[in-house]
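Structure record follows, encoded as structure tokens.
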Amino acid sequence: MVKNGMVNPVRKRVLINAKSALARITLTPHTLAFFLLSVIHCVAQGLTAAFVYSEDASSFKFMNDMVQTAQVPKNEVARLWRSGNNLTLKLCTAAPIEKAVYDDCETVWSSVGDADATLVPRFLAGLSRRASQEFMLQPLVDPVNETVVGFTLNIDNGRRIVDFSQTCARTLEYPLRILDNSRREDLALIGSQFWLLGMSTFGILYNSIPHIWAVVFARFMQTTWASYTLWRTTDVQFRYDAMIVGQNTLCRFDFLPNYFTTRIALQIPELVLSLTAFLSTSFLAFRVVKGYSQSTIRRVGPPAGVMRLYKLFLTTSMFLQLSLFFTITAISLWVDQLRTSSIAFLAQRSGIYYALFVFTIVTIVPWMVMGWFAIRREKTLLMAGFLFLNTSYIVFWSVMFYSEVYRWTFLEWPFFACSTIVSFVVLFGAAIFGAISWSGFGKGLAHYLHVEQVLLESDFNPDVFANDTEKGPGSSLGSPVQRAPSALSHFSAEGISVVKKDTNWDFENVDRPPIYTVEVESKGSVSLDNMLSR
């Protein structure tokens, strides 16, 4: 939109930022491939995780309906004790952290003993039958005292009717908890794909080596977790068959006939995609980092000391973004379980847990913004507030381990434990590198970033500067980076590309009108320099 010959400033700024982003993404074939692969894997792995979530969610709903229909007490948590292939299932009304509490739990089934004989007689006629997708659940009522003693599964519109005891329904609490946690894991993994795409994009847009390596590390963690969950699914199937389906069980019925087969069929391509993403990202990251280590794209070449401070700023930014994702993931997993699972009936200080959750959720985004602007603009008070909140997160969530239900969740749920540990590590990293960056205030970083911003807003075209302190910040001539066609250059009739740069820029003088050198690389490899001044 043009008014009185002037371009709309908002539109102009958007176009300038889009042009700058495109220039950095297409800087080399490796940066372009790194970005495109991040987009492709975000979509592919996100869809795969969504399919796994759909399977977990539907299976959880079916099993949860059976448990609720049988009116199983809600203040019980299942604890499976395993010694080799011998399994013992206990139900506890308190978090079984201490041995005394565990000994007081009720044993409902053990593979080394006999199954409970109090089964509904009509059920004994059939063993290991498989449930259909078309079913109807009804409570099984004792005609004598009119209490619920189990549930009835009506299969295929009454073609088969199977009765189950309440004790059978109580054994379903263990696989129910696994399915419930699996749903939460799936949602977190779906979110991680978009977060990884954001990290990858940030690394490319800011030439940030720490972000590039953080993406590689995250891809490695995803591959390791995908391998573990594939093994875990087979192990859960063993426990499920031994405890629910086998003849020496209380149910002797396969409620999830297709679940494990379907889940493994989805997890195999998920593992392949994770491995492919890790290998391709590692290769491209090595090439991108090698190029960034030798030369990067900037509008002005800063002194070597300022460049070191800038790298510290990028490292702190990486830890901030890692902290945002892993901290929110860990506390959300905890609160969702506290809100919807049987843990809610065992927690004695739920109000404090919710208050800490709300405090963290409300302040963590402002905390990240505080750290970002405190370093960029060298604001001492803002930096002090950032470190205070950082320390508060570490202290408050460390105190949570005094809670028995929190420790129980941490010990029984590997995904939650891993997320919690990583969140503490990155919070410590953010605090350490934030403090180091604070020590560099007043040494030129804020001025350099201000220069970059002024040049960006004036639509000043960047160039590739060598990161060789002996040569000093110079032009792209002789640079090891082979640039792909991008927004930095455009085709012309005279030659291959036209690149603008300011050869006489004074780092201390931001307001001097820039002087441009226009270089035309002709088809005959002849360079033409024209000095233009505003």
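The values are calculated or read from the model by the stated rules, or taken from the named source; none is laboratory data. What you see is a predicted model; the values in this text were computed from it and never measured. When we count neighbours, we look across all protein chains shown, and the Cβ atoms used for this are built from the backbone with ideal geometry, even at glycine. Heavy atoms of the whole protein, side chains included, go into the accessibility calculation; ligands, DNA and RNA do not. Shrake-Rupley method; radii C 1.70, N 1.55, O 1.52, S 1.80 Å.
Observations, loosely collected:
- Going through (1) open to solvent by 40 Å² or more (accessible area, probe 1.4 Å); (2) of a type outside the set (Asp, Glu); (3) at pLDDT below 85 one by one, ILE155 falls short only on (1).
Residue by residue, here is whether (1) open to solvent by 20 Å² or more (accessible area, probe 1.4 Å); (2) free of Cβ contacts under 8 Å to residues at least 24 places away in the same chain; (3) under 17 Å from the mean Cα position of the chain (by Cα) holds:
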| residue | (1), (2), (3) |
| --- | --- |
| SER200 | no, no, yes |
| ILE212 | no, no, yes |
| THR223 | no, no, yes |
| THR229 | no, no, yes |
| ARG239 | yes, no, no |
| THR249 | no, no, no |
| THR261 | yes, yes, no |
| ALA265 | yes, yes, no |
| LYS290 | yes, yes, no |
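- Residues that are exposed (fewer than 15 other Cβ atoms within 10 Å of the Cβ) and within 44 Å of the chain's Cα centre (by Cα) within the stretch 138-152 comprise just one, GLN138.
- Whichever residue in the stretch 303-321 is open to solvent by 10 Å² or more (accessible area, probe 1.4 Å) and not aliphatic (A, V, I, L, M) and, among such residues, is modelled with the lowest pLDDT: PRO303
- Search result, residues across the stretch 65-107 that are of a type in the set (S, T, N, Q), out of contact with any strand residue (DSSP E or B) (no Cβ under 6 Å at 6 or more places or on another chain) and crowded, with 16+ Cβ neighbours inside 10 Å: THR93
- Count of the stretch 71-105 residues which are part of a helix (DSSP H, G or I) and at pLDDT 85 or above: 1
- Of residues in the stretch 44-75 being over 30 Å from VAL272 (Cβ atoms) and of a type outside the set (A, V, I, L, M), the one nearest to the chain's Cα centre (by Cα): ASN64
- Residue in the stretch 402-417 that is without any contact (Cβ under 8 Å) to a residue 60 or more places away in the chain, of a type in the set (Ser, Thr, Tyr) and open to solvent by 40 Å² or more (accessible area, probe 1.4 Å) present: yes
- Filter result for the condition that a residue is open to solvent by 60 Å² or more (accessible area, probe 1.4 Å) and in contact (Cβ under 8 Å) with a residue 12 or more places away in the chain, over PHE345, PHE373, PHE357, PHE386: PHE345
- The stretch 70-85 residues that are at positive phi, paired with ones that are among the aliphatic types (A, V, I, L, M) (beta carbon under 9 Å, 6 or more apart): GLN71/VAL148; GLN71/ALA169
- Criterion applied to SER38, SER110 was being of a type outside the set (Asp, Glu), more than 30 Å from VAL288 (Cα to Cα) and open to solvent by less than 70 Å² (accessible area, probe 1.4 Å), and the one residue passing it is SER110.
- Scanning the stretch 239-272 for residues that are of a type in the set (Ser, Thr, Tyr), closer than 14 Å to VAL52 by Cβ and in contact with a helix residue (DSSP H, G or I) (Cβ under 8 Å, 6 or more places away or on another chain) turns up TYR259, THR262.
- Scanning the stretch 375-386 for residues that are at pLDDT 90 or above and in contact with a helix residue (DSSP H, G or I) (Cβ under 7 Å, 6 or more places away or on another chain), we see that the one that is nearest to SER423 (Cα to Cα) is PHE386.
- Of all residues assigned to the stretch 322-334, none qualifies as being part of a loop (DSSP other than H, G, I, E, B) and either open to solvent by 10 Å² or more (accessible area, probe 1.4 Å) or touching a His at 6+ places or on another chain (Cβ under 7 Å) (or both).
Listed here are the residues, each with its yes/no results for (1) within 30 Å of SER317 (Cβ to Cβ); (2) of a type in the set (S, T, N, Q); (3) part of a helix (DSSP H, G or I).
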position: ASP163; (1), (2), (3): no, no, no
position: SER192; (1), (2), (3): yes, yes, yes
position: GLY198; (1), (2), (3): yes, no, yes
position: ALA226; (1), (2), (3): yes, no, yes
position: TRP231; (1), (2), (3): no, no, yes
